[in-house]
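The values are calculated or read from the model by the stated rules, or taken from the named source; none is laboratory data. Source: prediction; values computed, not measured. In this analysis, Cβ positions are derived from the backbone assuming ideal geometry, glycine residues included, and neighbour counts consider all displayed protein chains. All accessible areas refer to the heavy atoms of the entire protein, side chains included, with ligands and DNA or RNA removed. Shrake-Rupley method; radii C 1.70, N 1.55, O 1.52, S 1.80 Å.
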Amino acid sequence: MTRRPSFPARLDLPAASPAPKSAKLSAMPATPTGLGLDSQAVRARMVRKLQAEGISDPHVLQAMGTVERHRFVDSALVNQAYEDTSLPIGLGQTISKPSVVSRMIELLLGGVRAPSGKLGRVLEIGTGCGYQAAVLGCVASEVYSIERLRGLHDKARDNLRPMRLSNVHLLFGDGMIGYAKGAPYAGIIAAAGGDAMPQAWIDQLAVGGRIVAPMVRGDGRQVLVLVEKTATELKQSVLESVHFVPLKSGIA
């Protein structure tokens, strides 16, 4: 039997009072600790802004308040890490805005959940610097994240290694063909947009699962799309306008 790729990991969550039983995550401390970008207060302010913009799922808010975004951006940009802006991460790619990351993951969480209360197995298309994979690791039972650019795959591995997230598996390969060995997935999330939804993603999605991905409309505008798979059909919802890098095939 082929062994699934593993990534030695563990995310050290802040000590606090227990979250709801279904969450399996520790609540954020009531009193912020630390200084500067390491401060829980900095992330707490970001979370409050996300709440004001309509993000309400407690699992998503908990994860966004836990993962330190400044550790995933270049040192020259760390002062912008908790602003709601996308930032360059090299090779023509960007780290998505916190509002976009939280919005897409909240949509994903509307699908199938594991008995633990977490979302089940997730496939992420486009690891980038690893930030979204880390957030997904807090809300999903297992995450497979695939990156087509070797330089970013290596960067994400370096960024995530100190967190020791045992449920996050990093793959180097063509995201357009997904990762059949890990299927079926409760959710598939993409950080790049194409003209059509790859058939491989649909085939690898579990019944009851969701795909959240940007797509390019006929008029050239990029929009966020939610696909829900039932036993008999695919339901597609077109949501707000977004701006992601183009979806490409192959590796580089």
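Annotations
- Three-way shape label, the range 116-252, alpha-carbon gyration tensor, a/c 1.5: oblate
- Summing charges over all other residues whose Cβ lies under 14 Å from the Cβ of V223, with Lys and Arg as +1 and Asp and Glu as -1, gives 0.
- Per-peptide average of other Cβ atoms within 10 Å, ordering 65-71, 233-239, 141-147, 243-249 highest first: 141-147, 65-71, 243-249, 233-239
- Remark: the Cα gyration tensor places the range 175-252 in the oblate category, a/c being 1.5 or greater and a/b not exceeding b/c.
- Restricting attention to the range 101-239, close to 40% of DSSP beta bridges with both partner residues there are antiparallel.
- Estimated at 0.36 nm per residue, the fully extended path between R164 and S56 surpasses their Cα-Cα distance by 36.1 nm.
- Sorting the segments 130-140, 37-47 by their mean number of nearby beta carbons within 10 angstrom, highest to lowest, gives 130-140, 37-47.
- Solvent exposure of the range 120-252 as accessible area per residue, Å², 1.4 Å probe: 39 Å²
- Shape call, the range 41-192: gyration tensor on alpha carbons, a/c limit 1.5: oblate
- For the range 44-131, size of Cβ-based charge dipole, Lys and Arg +1, Asp and Glu -1, in debye: 220 debye
- Charged neighbours of G208, selected by a Cβ distance under 12 Å, balance to +3 (K, R count +1; D, E count -1).
- Carbon/sulfur fraction of accessible area - the range 116-252, other protein chains in place, 1.4 Å, %: 54 percent
- In plain terms, the chain from D203 to A231 could stretch by 8.9 nm, reckoned as 0.36 nm per residue minus the Cα-Cα distance.
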